[in-house]
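We did not get these values from a lab; they are worked out from the coordinates using the rules stated. Quantities reported herein were computed from a predicted structural model and do not represent experimental measurements. Cβ coordinates were reconstructed from backbone atoms using ideal geometry, including for glycine residues, and neighbour counts include every protein chain displayed.
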Amino acid sequence: MAETGKGMEKTLVQSLRESGVSRRGFLKFCTATASMMALPPNMAPAIAQALEKARRPSVIWLSFQECTGCTESLTRSHSPTVENLIFEHISLDYHHTLQAAAGEGAEAAREAAMAENEGQYIVVVDGSIPLGNPGYSTIAGISNLQMLEETVAGAAAVVAVGTCAAFGGLPHAKPNPTGAVSVSEIVKDKPVVNVSGCPPIPTVITGVLAHFLTFGSLPELDALGRPMAFFGKSIHDRCYRRPFYDKGLYAETFDDEGARKGWCLYRLGCKGPMAYNACATAKWNRGTSWPVESGHGCLGCSEPDFWDAGGFYNALSIPDSDITRQAVYVAGAGIALGAVAGAVNRSKQARAREEHEPVTIDDLDKRS
């Protein structure tokens with residue numbers, strides 16, 4: 001944990017150089033940051049120029065109704081990484097799970113960070129906020145609602161980390177006994193970025209902070225307040241099993257021939273077509289794998305109300321066109337029939353892509 005207030009005096013590049021990071025290493029860092037934020041490589045010099053002047057921002061991390069999974073996800077990232085560089089060179093002034101201080105000392109650190117960095121600090125929140133009874137979740141005798149409102153008052157921006165903070169998550173699931181709500185249902189006068197996922201991907205969390213460090217602003221967001229760079233496409237559109245879907249080849253059980261061959265898990269309840277996240281490209285555990293690659297369908301954990309969305313293993317409704325396409329593939333034999341099948345397949349692939357194309361804000365405006 002950084003010393004409150006002092007972290008703001010040094011620029012990020014000064015802190016990196018003091019830690020032994022060379023100019024070459026710094027430029028590599030900038031190139032990796034550009035890639036992480038889905039920016040072209042030629043943006044790296046602009047990022048370097050911005051970061052050389054950027055001050056270490058004060059970050060206050062609040063944990064409410066949560067399982068600590070979001071913090072675990074972040075701290076278990078492998079090293080060395082962009083995540084480590086970023087988190088070693090911001091001023092993380094309050095995080096009651098990670099900080100050494102406790103009791104009155106911990107709350108004094110939060111209050112000092114708020115006072116010394118008013119209007120400039122970032123609040124990161126994981127966990128939902130109970131409104132049914134303030135006593136359901138308290139920290140230092142302060143209700144989650146009171147602490148959130150008090151801390152956000154002087155913040156520059158708020159990052160809701162994890163599906164609980166972004167959409168209410170598991171505490172919000174029916175019958176929602178605590179009256180759990182998301183951060184955005186309470187915070188209306190500050191910009192809120194939702195980094196959903198249960199847990200969220202570490203590079204997505206740090207990508208938002210990297211964007212703020214570089215440009216002094218928040219990244220472009222989708223209709224649910226999530227960074228477009230990471231949530232702009234569905235799991236389905238980025239999935240390596242997508243070609244099997246387009247061919248109508250589905251696993252029917254988790255251990256049948258289709259499953260062993262890596263066929264689409266759509267019929268086993270995979271929520272890939274309705275879930276938007278970067279799991280298929282960012283992956284987990286040093287980029288080793290992700291749930292679908294490990295043989296399990298996507299649960300849609302980055303989406304609102306995913307826990308109540310009809311069951312994890314219930315198959316989504318598959319359009320008749322997909323079943324028809326599969327029949328054409330199975331029946332296809334001979335050059336003439338192959339040509340017909342190819343034409344039908346191209347037409348229906350286009351229809352499938354259209355059906356699962358990510359919905360943009362402009363699309364929502366047109367529909368309304």
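If I stretch the segment between F215 and Q14 completely, what's the gain in nm (0.36 nm per residue apart, minus their alpha carbon distance), one decimal? Please list the in-between numbers first.
Numbers: separation 201, 0.36 × 201 = 72.36 nm, distance 1.80 nm.
Additional length available on full extension: 70.6 nm.
Label points 7 Å out from Cα along the Cβ direction at A115 and T288: separation in nm?
With each label point 7 Å from Cα toward Cβ, the separation is 4.7 nm.
Could you rank the peptides 251-263, 62-74 by their average count of other C-beta atoms within 10 Å per residue, with the highest value first?
62-74, 251-263
Whole-Hz Karplus ³J(HN,Hα) for the stretch 162-173, in order, using 6.51 cos²θ - 1.76 cosθ + 1.60 and θ = phi - 60°, x for Gly and Pro?
Running phi through 6.51 cos²θ - 1.76 cosθ + 1.60 with θ = phi - 60° gives x, 5, 5, 6, 6, 9, x, x, 4, x, 7, 4 Hz.
Once both labels are modelled 7 Å past Cα along the beta-carbon direction, what's the S22-A46 spacing in nm?
Computed distance between label sites S22 and A46 equals 2.8 nm.
Under the rule of at least 5 residues apart or a separate chain, name every residue whose amide H is placed under 5 Å from the amide H of H96.
S63
What order do you get for V158, V125, V187 when you list them from fewest to most C-beta neighbours inside 10 Å? Could the numbers behind the result be given before it?
On the way: V158 25, V125 31, V187 21.
Going from least to most buried by this count: V187, V158, V125.
Starting at the first residue of the stretch 252-263, write each ³J(HN,Hα) from the Karplus equation 6.51 cos²θ - 1.76 cosθ + 1.60 with θ = phi - 60°, in whole Hz, x for Gly and Pro.
Using θ = phi - 60°, the values come out as 9, 9, 6, 10, 8, 4, x, 5, 5, 8, x, 5 Hz.
Amide H to amide H under 5 Å from A275: which residues, 5+ apart in sequence or cross-chain, H placed 1.01 Å off N in plane?
For A275, the qualifying residues are I235, H236.
Starting from the Cα gyration tensor of the stretch 261-319, take the square roots of the eigenvalues, sort them a ≥ b ≥ c, and report rounded, prolate or oblate (rounded when a/c is under 1.5, otherwise prolate if a/b is larger than b/c, else oblate).
Taking the square roots of the gyration eigenvalues as a ≥ b ≥ c, the stretch 261-319 is oblate.
So which of K28/K188; K174/K271; K28/K261; K188/K233; K233/K261 end up more than 31 Å apart by C-alpha? Spell out each step's value before the answer.
Working: K28/K188 38 Å; K174/K271 20 Å; K28/K261 38 Å; K188/K233 27 Å; K233/K261 25 Å.
Those over the limit are K28/K188; K28/K261.
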